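The values are calculated or read from the model by the stated rules, or taken from the named source; none is laboratory data. Given the structure is predicted, the values throughout are model-derived calculations rather than measurements. Virtual Cβ from ideal backbone geometry, glycine too; neighbours counted across all protein chains shown.
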Amino acid sequence: MGAQPVNKDGEAFVFPLEPRDVEAASFIRECYVRDKGILTPTGMRGIWLDTPLIELKNGEGTIENAFPGMKRMFERFDIDMIKDPVLVFPTLHYQNGGVETDPEGKTNVEGLFVAGEISGGVHGKNRLMGNSTLDCMVFGRRAGIFASEYVKKTKTMGKLTLEHVKHYVDMLKQAGIKPERKAPIILPDYRGKAVLARMIDVF
């Protein structure tokens, strides 16, 4: 709605309506290649998003009406986005998994059908905003339909148990690893102070 990304000198360096990947690459380049980013107390760098331009362009009250949740969120940190720019930087938005599927959502594991983030993704590694609806509504539905057809044709595979979890813990113990979790964690934890505070080694 008119907010403009600017560097530490207040210069506009990218058209604000570029595609997401172009915009993100421009932010990273400005911060870590051209050294024009704003350095934060944690050592991270960012770009100013000139949010006051929204009201200058669209009239007083636009931010309150169009972005009430965002305005409240910044107010919790004593930032008035109507008067002051906000610091921004690209972060992980969406990470596709690596499970390969066919058009029916079937994998190479017998009886396993997947869709969405767990799969390799129909969008490649750079899924654009809004396309998760396509994953959920189209490919999730397809995987569900074909999974239900598979179940109707499959003979019972015996009693369901959690023995595989016990087997996993036993494997850890045999390897001399103290088990801190009850089951494998596929993706790393991106939360927590240690993760958020560390410097991103971009180059």
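Check whether at least one residue in segment 13-22 is under 18 Å from MET1 (Cα atoms), charged (D, E, K, R), part of a helix (DSSP H, G or I) and touching a residue at least 60 places away in the same chain (Cβ under 8 Å), and report yes or no.
Going residue by residue through segment 13-22, those that are under 18 Å from MET1 (Cα atoms) are 13-20.
Next cut, charged (D, E, K, R) only: 18, 20.
In the following step, the residues that additionally are part of a helix (DSSP H, G or I) were identified as 20.
From what is left, the residues that are touching a residue at least 60 places away in the same chain (Cβ under 8 Å) are 20.
Yes: segment 13-22 contains one or more residues that are under 18 Å from MET1 (Cα atoms), charged (D, E, K, R), part of a helix (DSSP H, G or I) and touching a residue at least 60 places away in the same chain (Cβ under 8 Å).
Test LYS178 against the stated conditions and say whether it is exposed (fewer than 10 other Cβ atoms within 10 Å of the Cβ), at pLDDT 75 or above and farther than 26 Å from GLU100 by Cα.
Values: exposed (fewer than 10 other Cβ atoms within 10 Å of the Cβ): yes; at pLDDT 75 or above: yes; farther than 26 Å from GLU100 by Cα: yes.
Yes; evaluated as a whole, the condition is true for this residue.
From the residues in segment 96-127 that are loosely packed, with under 13 Cβ neighbours inside 10 Å and within 19 Å of ASP21 (Cα to Cα), which one is modelled with the highest pLDDT?
So the first thing to find is which residues in segment 96-127 are loosely packed, with under 13 Cβ neighbours inside 10 Å, and the list is 98, 100, 102-103, 108-111, 124-125.
With within 19 Å of ASP21 (Cα to Cα) added as a condition, the list becomes 124-125.
Numbers: GLY124: 61, LYS125: 57.
Taking the candidates together, the pick is GLY124.
Across segment 133-174, what is the number of residues that are of a type in the set (S, T, N, Q) and either surrounded by 13 or more Cβ atoms within 10 Å (Cβ to Cβ) or touching a Ser or Thr at 6+ places or on another chain (Cβ under 9 Å) (or both)? Steps first, please.
To start, the set of residues in segment 133-174 that are of a type in the set (S, T, N, Q) comprises 133, 148, 154, 156, 161, 174.
Now restrict to residues that are either surrounded by 13 or more Cβ atoms within 10 Å (Cβ to Cβ) or touching a Ser or Thr at 6+ places or on another chain (Cβ under 9 Å) (or both): none.
So the count comes out to 0.
Looking at GLU11, GLU30 in this structure, which one is modelled with pLDDT of 95 or more and exposed (fewer than 13 other Cβ atoms within 10 Å of the Cβ)? Steps first, please.
On the way: GLU30 fails: exposed (fewer than 13 other Cβ atoms within 10 Å of the Cβ).
Matching residue, one of GLU11, GLU30: GLU11.
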